[in-house]
Structures are given as structure tokens and as C-alpha cells.
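Before we start, here is the structure in question, set down as C-alpha cells.
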Amino acid sequence: MADMTIEAVKWIGGTDGVLEIIDQRRYNPAFIKLKIRSVEQLHEAIRTLAVRGAPAIGVAAAYGPVLALQWLTGRPGVPEVLNEIIKACDYLASSRPTAVNLFWALDRIRAKASEVVEDPQTTARGLQAAILAEANAICREDVEMCRRIGENGAHLIRDGFGILTHCNAGALATAGQGTALSILYEAQKRGRQFEVYADETRPLLQGSRLTAWELQQAGIKVTVICDDMAGFLMKQGKIQAVITGADRIAANGDTANKIGTYSLSILAKQHHIPFYIAAPSSTFDLSLESGAEIPIEQRDPGEVIRCTDVPTAPEGVGVYNPAFDVTNGKDITAIITEKGVIERPNTERIHVLLAETAGAVDDAST
Ligand code: MRU
């Protein structure tokens, strides 16, 4: 069973509380916790991947404005508090560009603050309490969305399956039990016998460091492979399904996820293996028609030419380090969301599922 003591992001206390995260920059994720006390610290934690994974980034960022307000001195009035909330949201939005959950969560905080200040009775304390309540709601909803993704996708895992996953889309990447890995945890609960191959996921090794550790903790058989081995395993018949998470899904189903995901989708197509994406509705960006519009984060070249600080390439060599790539919607067998499964995703099917069920999680979690 999934070890639900993994809490990648956790708010401790009230409006004067602190954000506790598991530091995911470590090679051994048996875990060092960090207490985040300022919006600057939080920005740095997101930028450097101490907290990572699209849903976890969104949840963590939601608490940023609450932290920012703790640093206001004197007796700030409502306009000053509102200004500080907006400033914190704008600043955090510059921490990473691809995972849309970040912007989704910050927009919710901004919207809640604007709604609350419309009431002339609102006090500065009331506003502060309202945005903490909204951040807590975002966190609770993420836990619930993860659970439902697991339930909605578990039937896809059959006895004897070998499942390939990439990066980490587990409890470490969310406030709950993950997205792609949530499906595996639920299948395990239902008694399915299967094994998992975890791509190591160069350059930052989220697969070998985090996914392998997380699945081991849960008692799921997991084997680490180098990223370039996936095609050969498929040819050998070891893989019956590929499941990954997502950082942003455009209206037509094109999906940004960790670099290497696109190659897996092409390999899966070549070998007639189903390719699944697991993601909550907060990862969809319906304002973008296609994946061509998704901003792709470029990261420090040092991540590619060094491994645990040991140089692995000649000094001065050119480096290209996009952190994500975009898988074509037409190459995705299905997207598993908390609202249901979107088979052969396209603009119409995505719109129908998301529009028809708008608000479903909020309703269930209140
Ligand atoms: O750079 P990272 O580690 O934040 O990238 C994470 C991923 O690509 C995950 O697959 C994605 O965010 C989904 S997490 C449920």
C-alpha cells in the first residue's frame, strides 16, 4: 500500500503558520524536511525543485501569499494586504513557466482576495484568513483529485502487466497519492499483480531517485532503467502500458511533461502499447489551442554536464536543456482525470468532460 506518510507539501498552523516541504533535491529522499517561512524562500524552493511536480508546485505556491503577509509590519489595512497578496502571486508566477497548476493556484488566490475585498465589512485579518482557507481548499482538493484519478484508472492495470513510467508523478509530486502512481496504488489495493519500470529521467533523475524510492516504500516491484532502454524493453515485450503525469495539457490534448515523455509516446505507438496520461483538471490549460503554445522551461546547462557535481562532459561544450517536451494528443490512448477518462483525447472530448463536470471536486470536498 502507498505510504501516505509522504507529505510533499504541508501547511502547519494558522495564518502565522509555516509551509513544510520534503526537499526533493536530495539523492536519498528519506527525507529532509524544509520549513518555508517567506515568499522568497518558496520561490527558490520551486525554482530549484526542492518542491516539484505540477500539482505540488500549485499547492505550495497557494500558501505563498499567506507567508508574504506574515512579514507586513505595523497594522496594515485591507488595501495594503491586498497589494501584498497580488505582489506575492506575481512574484511566484516567475518561479517556473511550464506547469500550469502554478498559475491556476495563484489565480484562485487572486480571485478569492478580489472577491473578499468587495465586501465593505472585510478586515485585513479576515482577508488573510480567507486566502489561507483558499490555499487549504486547493490542498484538500488535490488530495481528493489524486484519489479519484487512482480509482478512475485502476482498471487499466491487469495482472502480469509491466508498466513504464517517467519522472515522478507520485505522492512526492502532489499533496495526495500522486497521479500516474495513484493508479498503481489503487491497482495494488485491488490485488492486481504487476511490475513497474522507472525511467531514471535524466538530467535530474526524478525516476531513479524519487519514483523508485516511492514505489519501493509502497511494496510495488520496481526496476530502474536508463531512459535510452525503454524502446528495447518494449521490443522484448516487457511493457504493456506507459503511464506518466503531465505539467500542462492544451485544449486539443497535446501534453507537456518531463523531457523524454514525447519519445516514449512514439515508441509506444510503434510497439502498439497504450500510452496514458494521468492528470487532474487543474493541469488543463484550455486557453491554449495546441501544445505548440506551451512555454517550455530551459534549465541550467550544468544539470546536463554534471552528475552529483562530477563533470560528465568537457568544459565549454554546448548544452541544450529543455526540462519538458510535448506529446501529441493524437498519440495519447487516454487521459485519466479525477472527473473521468478521456479516451483518444481531442478538443471536443476534453471540453465535454471538463465542462460537464465543472465544480464536481469542489462540491464533493466541501
Ligand atoms: O521538473 P519536475 O520534476 O517538476 O517535473 C515533473 C513532471 O514532469 C511530472 O511528471 C509532472 O509534473 C506531473 S506530477 C504529478
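The values are calculated or read from the model by the stated rules, or taken from the named source; none is laboratory data. Just so you know, these numbers come straight off a predicted model, no measurement behind them. Positions of Cβ are generated from backbone atoms using ideal geometry, with glycine treated the same way; all protein chains shown enter the neighbour counts.
In segment 159-181, how many are in a helix (DSSP H, G or I) and more than 9 Å from the ligand (Cβ to nearest atom)?
The first filter runs over segment 159-181 and keeps only residues in a helix (DSSP H, G or I), leaving 171-173, 180-181.
After this cut, where a residue has to be more than 9 Å from the ligand (Cβ to nearest atom) as well, the list is 171.
So the count comes out to 1.
Right, something else. Tally up the residues in segment 203-237 that are surrounded by fewer than 17 Cβ atoms within 10 Å (Cβ to Cβ) and hydroxyl-bearing (Ser, Thr, Tyr), please.
The total comes to 1.
Ok, one more. I'd like to check something: does segment 180-195 contain any residue that is surrounded by fewer than 19 Cβ atoms within 10 Å (Cβ to Cβ), closer than 26 Å to residue 31 by Cα and modelled with pLDDT under 95? Quick ask: steps written out before the conclusion?
Initial filter on segment 180-195 (surrounded by fewer than 19 Cβ atoms within 10 Å (Cβ to Cβ)): 189-195.
Next cut, closer than 26 Å to residue 31 by Cα only: 189, 195.
Now restrict to residues that are modelled with pLDDT under 95: none.
No, the conditions are met nowhere in segment 180-195.
Mind listing just one residue for me: the one in segment 29-49 that is touching a helix residue (DSSP H, G or I) at 6+ places or on another chain (Cβ under 8 Å) and closer than 22 Å to residue 244 by Cα and, of those, farthest from the ligand (Cβ to nearest atom)?
Filtering segment 29-49 for residues that are touching a helix residue (DSSP H, G or I) at 6+ places or on another chain (Cβ under 8 Å) and closer than 22 Å to residue 244 by Cα, the one farthest from the ligand (Cβ to nearest atom) comes out as 29.
Identify all residues within segment 50-80 that are within 16 Å of the ligand (Cβ to nearest atom) and of a type in the set (D, E, K, R); write none if there are none.
52
Considering only segment 294-319, state which residues are closer than 30 Å to residue 105 by Cβ and more than 19 Å from the chain's Cα centre (by Cα). It would help to see each step written out before you state the result.
From segment 294-319, those closer than 30 Å to residue 105 by Cβ are 294-304; that's our starting set.
300, 301, 302, 303, 304 - these are the residues of segment 294-319 that are closer than 30 Å to residue 105 by Cβ and more than 19 Å from the chain's Cα centre (by Cα).
Right, another one. Taking residue 70, is it under 28 Å from the mean Cα position of the chain (by Cα), modelled with pLDDT of 95 or more, under 21 Å from residue 43 (Cβ atoms) and surrounded by fewer than 18 Cβ atoms within 10 Å (Cβ to Cβ)? Talk me through it step by step, then tell me what you get.
Details: under 28 Å from the mean Cα position of the chain (by Cα): yes; modelled with pLDDT of 95 or more: yes; under 21 Å from residue 43 (Cβ atoms): yes; surrounded by fewer than 18 Cβ atoms within 10 Å (Cβ to Cβ): yes.
Yes; evaluated as a whole, the condition is true for this residue.
Please pick out the residue among 294, 273 that is under 24 Å from residue 99 (Cα atoms) and either β-branched (Val, Ile, Thr) or in contact with a Ser or Thr (Cβ under 6 Å, 6 or more places away or on another chain) (or both). Give the derivation first.
Details: 273 fails: under 24 Å from residue 99 (Cα atoms).
Only one candidate qualifies: 294.
Test of understanding: among 26, 75, 47, which residue is assigned by TED's automatic domain parsing to the domain that holds residue 113, within 19 Å of the chain's Cα centre (by Cα), modelled with pLDDT under 95 and surrounded by fewer than 24 Cβ atoms within 10 Å (Cβ to Cβ)?
Numbers: 75 fails: within 19 Å of the chain's Cα centre (by Cα); 47 fails: modelled with pLDDT under 95.
That would be 26, the only listed residue that is assigned by TED's automatic domain parsing to the domain that holds residue 113, within 19 Å of the chain's Cα centre (by Cα), modelled with pLDDT under 95 and surrounded by fewer than 24 Cβ atoms within 10 Å (Cβ to Cβ).
Name the single residue, out of those in segment 182-194 being outside any loop (DSSP other than H, G, I, E, B) and not aliphatic (A, V, I, L, M), that is nearest to the ligand (Cβ to nearest atom). Give the derivation first.
Filtering segment 182-194 for residues outside any loop (DSSP other than H, G, I, E, B) gives 182-189, 194.
Retained after the next criterion (residues that are not aliphatic (A, V, I, L, M)): 182, 185-186, 188-189, 194.
On the way: 182: 9, 185: 13, 186: 15, 188: 18, 189: 19, 194: 20 Å.
Top of the filtered list is 182.
What is the number of the single condition among (1) in a helix (DSSP H, G or I); (2) more than 16 Å from the ligand (Cβ to nearest atom); (3) surrounded by 24 or more Cβ atoms within 10 Å (Cβ to Cβ) that residue 19 does not meet?
That leaves (1) as the condition not met.
Next question, about the same structure. Say whether the condition of being in contact (Cβ under 8 Å) with a residue 40 or more places away in the chain, touching an Asp or Glu at 6+ places or on another chain (Cβ under 9 Å) and polar (S, T, N, Q) is met by at least one residue in segment 4-27.
So far as segment 4-27 goes, no, none of its residues is in contact (Cβ under 8 Å) with a residue 40 or more places away in the chain, touching an Asp or Glu at 6+ places or on another chain (Cβ under 9 Å) and polar (S, T, N, Q).
Kindly provide the set of residues from segment 125-152 that are over 23 Å from residue 11 (Cβ atoms) and within 17 Å of the chain's Cα centre (by Cα), ordered by number.
In the first step, residues of segment 125-152 are kept if they are over 23 Å from residue 11 (Cβ atoms); the result is 150-152.
Matches in segment 125-152: 150 only.
Residues are listed down the side, and each one gets a yes or a no for (1) away from the ligand (no atom under 16 Å from the Cβ); (2) not in a helix (DSSP H, G or I):
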residue: 82; (1), (2): yes, no
residue: 98; (1), (2): no, yes
residue: 103; (1), (2): no, no
residue: 110; (1), (2): yes, no
residue: 114; (1), (2): yes, no
residue: 125; (1), (2): yes, no
residue: 139; (1), (2): no, no
residue: 146; (1), (2): no, no
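If I filter segment 230-251 for residues that are under 30 Å from residue 352 (Cα atoms) and of a type in the set (Lys, Arg), do I get at least one hit? Give the steps one after another, and end with the answer.
The initial filter retains those residues of segment 230-251 that are under 30 Å from residue 352 (Cα atoms), namely 240-251.
Add one more test, that the residue is of a type in the set (Lys, Arg), and what stays is 248.
Within segment 230-251, one or more residues are under 30 Å from residue 352 (Cα atoms) and of a type in the set (Lys, Arg).
Look at residue 210 and say whether it is touching a Leu at 6+ places or on another chain (Cβ under 6 Å) and within 12 Å of the ligand (Cβ to nearest atom).
Values: touching a Leu at 6+ places or on another chain (Cβ under 6 Å): yes; within 12 Å of the ligand (Cβ to nearest atom): yes.
Yes; evaluated as a whole, the condition is true for this residue.
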